[in-house]
Amino acid sequence: MRDLPLILSLTVFSVLALILCCVLGSTTMPLDRVMAGLFGYGTSSEHMIVWDIRLPRGIAAFLVGSALAMSGAALQGLLRNPLAEPGVLGVTSMASLGATIAIYYGFAALSHWALPIFSVGGALAATFFIMLASARTQSITTLILIGVGISSFSGALMSFVMNMAPNPFTLSEMINWMLGSVSNRSFADLKLMAPFIVGGMVILFFASRSLSVLTLGEEAATGLGVNTKRLRMLIIVGSGLATGGAVALAGAIGFVGIIIPHMIRPFVDHDPARSLIPSAIAGGLALTLADILVRILPTLNELKLGVAAALFGAPFFIWIVLRQRINHV
């Protein structure tokens with residue numbers, strides 16, 4: 001396997017990042033004490049800090065980053081559009097809208113499954129709409145504008161729901177989802193959302209083999225035996241499940257799906273099929289490191305992970321757009 005060294009390297013760094021996630025926090029915990037708490041021979045407080053607070057948070061950040069980066073890589077391969085990703089195309093905002101509606105109407109309080117179901121439903125709706133639009137136009141600008149329109153519309157609806165919030169507690173919860181964070185996540189949360197995220201990523205993995213052929217164009221891919229309709233549906237469902245589950249777990253976190261695939265692509269000869277697994281691991285690694293950073297920054301209140309991702313991701317996105325424009329001049 002040509003990409004095995006890259007995948008193994010990213011995996012090793014990811015494991016080290018998760019260990020670092022258990023070491024660093026509001027107070028630094030020595031590595032030997034982390035290992036004691038991790039393997040059960042430490043004190044009860046060390047066990048609680050590692051297993052109930054820091055490790056679930058680190059795994060949540062890794063899962064969310066993996067889901068968003070893999071979805072972005074798959075959407076870019078499917079649409080043959082280097083700017084496609086869940087956040088830019090409005091998928092993340094629609095998933096956030098679904099989660100916000102579940103919170104506002106009290107469905108999230110009635111059932112643990114309501115939040116992921118509403119979130120995944122919003123993500124699937126946005127992805128399906130983008131897929132319909134891509135079948136009618138090959139213009140990158142048009143697709144980006146449609147994504148901006150979806151994001152603006154869902155943002156307006158979220159603002160309306162927030163404006164009508166029945167009490168400050170509901171409003172605070174909705175704002176937290178919009179800003180994005182993995183703080184206070186537990187293994188119970190991971191067990192609830194993981195089937196959606198992992199299920200979506202598995203679907204994307206099995207659909208990835210046809211993405212390389214799709215770079216030749218839909219007619220050529222069909223001539224080579226690729227069922228393009230089936231491929232579209234698999235990518236839609238897979239990215240919708242993964243993104244919806246990620247939003248239900250961590251709220252709205254953008255730009256991971258566009259930054260990471262662009263960083264990985266040169267290492268896999270710009271092959272969209274080969275980029276999926278490395279993008280997933282690198283996305284998890286990047287978001288885990290970002291979450292460590294927001295925890296150790298000397299700020300009065302902890303910076304939300306979605307805010308940090310936007311602060312770093314937006315300039316990178318602008319750079320990609322400018323480079324694409326220059327290359328097409």
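Can you find, within the range 25-54, the residue that is surrounded by the most Cβ atoms within 10 Å (Cβ to Cβ) among those that are assigned to a loop (DSSP other than H, G, I, E, B) and modelled with pLDDT under 90?
The initial filter retains those residues of the range 25-54 that are assigned to a loop (DSSP other than H, G, I, E, B), namely 25-30, 40-43.
Now drop any that are not modelled with pLDDT under 90, which leaves 25-28, 40-43.
On the way: G25: 15, S26: 8, T27: 6, T28: 11, G40: 10, Y41: 10, G42: 18, T43: 11.
Looking at the filtered set, the residue picked out is G42.
Counting only residues that are β-branched (V, I, T) and open to solvent by less than 30 Å² (accessible area, probe 1.4 Å), which one in the range 269-303 is nearest to L115 (Cα to Cα)?
Quick first cut of the range 269-303, residues β-branched (V, I, T) only: 277, 281, 288, 292, 294, 296, 299.
When the remaining residues are screened for being open to solvent by less than 30 Å² (accessible area, probe 1.4 Å), the result is 281, 288, 292, 294.
Working: I281: 25, T288: 23, I292: 26, V294: 25 Å.
Applying the filter and picking the extreme gives T288.
Sub-7 Å Cβ pairs linking a first residue in the range 257-270 that is among the aromatic types (F, W, Y) to a second residue that is part of a helix (DSSP H, G or I) and open to solvent by less than 10 Å² (accessible area, probe 1.4 Å), at least 6 apart or interchain, are F267/P278, ordered by first then second residue.
Taken together, the residues in the range 75-86 that are in a helix (DSSP H, G or I), surrounded by fewer than 24 Cβ atoms within 10 Å (Cβ to Cβ) and more than 15 Å from the chain's Cα centre (by Cα) amount to 1.
Looking only at the range 109-164, which residues are in a helix (DSSP H, G or I), hydroxyl-bearing (S, T, Y), open to solvent by 20 Å² or more (accessible area, probe 1.4 Å) and under 27 Å from A194 (Cβ atoms)?
We begin by selecting, within the range 109-164, every residue in a helix (DSSP H, G or I); these are 109-110, 114-136, 140-163.
Add one more test, that the residue is hydroxyl-bearing (S, T, Y), and what stays is 119, 127, 134, 141-142, 151-152, 154, 159.
Subsequent filtering for residues that are open to solvent by 20 Å² or more (accessible area, probe 1.4 Å) retains 141-142, 151-152, 159.
If the condition is that a residue be in a helix (DSSP H, G or I), hydroxyl-bearing (S, T, Y), open to solvent by 20 Å² or more (accessible area, probe 1.4 Å) and under 27 Å from A194 (Cβ atoms), then S151 is the only one that fits.
Got at least one residue in the range 276-289 being among the hydroxyl-bearing types (S, T, Y), farther than 20 Å from A123 by Cβ and over 16 Å from the mean Cα position of the chain (by Cα)? No, there is no match, as no residue in the range 276-289 is among the hydroxyl-bearing types (S, T, Y), farther than 20 Å from A123 by Cβ and over 16 Å from the mean Cα position of the chain (by Cα). Each residue in the range 56-74 was checked for being open to solvent by 10 Å² or more (accessible area, probe 1.4 Å) and at pLDDT below 95, and 0 of them qualify.
Annotation: I103 fulfils all but one of (1) of a type in the set (A, V, I, L, M); (2) surrounded by 18 or more Cβ atoms within 10 Å (Cβ to Cβ); (3) at pLDDT 90 or above; the unmet one is (3).
Kindly evaluate L89 against the criterion of being in contact with a Leu (Cβ under 9 Å, 6 or more places away or on another chain), under 22 Å from A314 (Cα atoms), at pLDDT 90 or above and hydrophobic (A, V, I, L, M, F, W, C). Explain how you work it out, then say what you get.
Numbers: in contact with a Leu (Cβ under 9 Å, 6 or more places away or on another chain): yes; under 22 Å from A314 (Cα atoms): yes; at pLDDT 90 or above: no; hydrophobic (A, V, I, L, M, F, W, C): yes.
Taking the combined requirement at face value, the residue does not satisfy it.
Confirm whether I197 is within 22 Å of the chain's Cα centre (by Cα) and crowded, with 23+ Cβ neighbours inside 10 Å. Yes; evaluated as a whole, the condition is true for this residue. Restricting the range 87-100 to residues that are assigned to a helix (DSSP H, G or I) and of a type in the set (A, V, I, L, M, F, W, C) leaves a set whose member that is most open to solvent (accessible area, probe 1.4 Å) is M94.
Within the range 216-228, the presence of a residue that is of a type outside the set (A, V, I, L, M) and within 22 Å of G87 (Cβ to Cβ) is excluded.
Considering each residue of the range 177-190 in turn, none proves to be open to solvent by 30 Å² or more (accessible area, probe 1.4 Å), on the phi < 0 side of the Ramachandran plot and among the β-branched types (V, I, T).
Yes/no per residue for (1) of a type in the set (S, T, N, Q); (2) under 22 Å from the mean Cα position of the chain (by Cα); (3) closer than 24 Å to V307 by Cα:
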residue: F128; (1), (2), (3): no, yes, no
residue: G149; (1), (2), (3): no, yes, yes
residue: S152; (1), (2), (3): yes, yes, yes
residue: F169; (1), (2), (3): no, no, yes
residue: S181; (1), (2), (3): yes, yes, yes
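Of all residues in the range 89-101, those satisfying the criterion of being closer than 14 Å to G240 by Cα and of a type in the set (A, V, I, L, M) are L89, V91, M94, A95, L97, A99.
Checking P266, P261, P168 one by one, the residue that is under 23 Å from L289 (Cα atoms) and open to solvent by 70 Å² or more (accessible area, probe 1.4 Å) is P266 and no other.
The values are calculated or read from the model by the stated rules, or taken from the named source; none is laboratory data. As the structure is a computational prediction, the values presented were derived from the model and not from experiment. Every residue, glycine as well, gets a Cβ built from its backbone with ideal geometry; the counts of neighbours run over all protein chains shown. We work out accessible area using only protein heavy atoms, side chains counted, and drop any ligands, DNA or RNA first. Shrake-Rupley method; radii C 1.70, N 1.55, O 1.52, S 1.80 Å.
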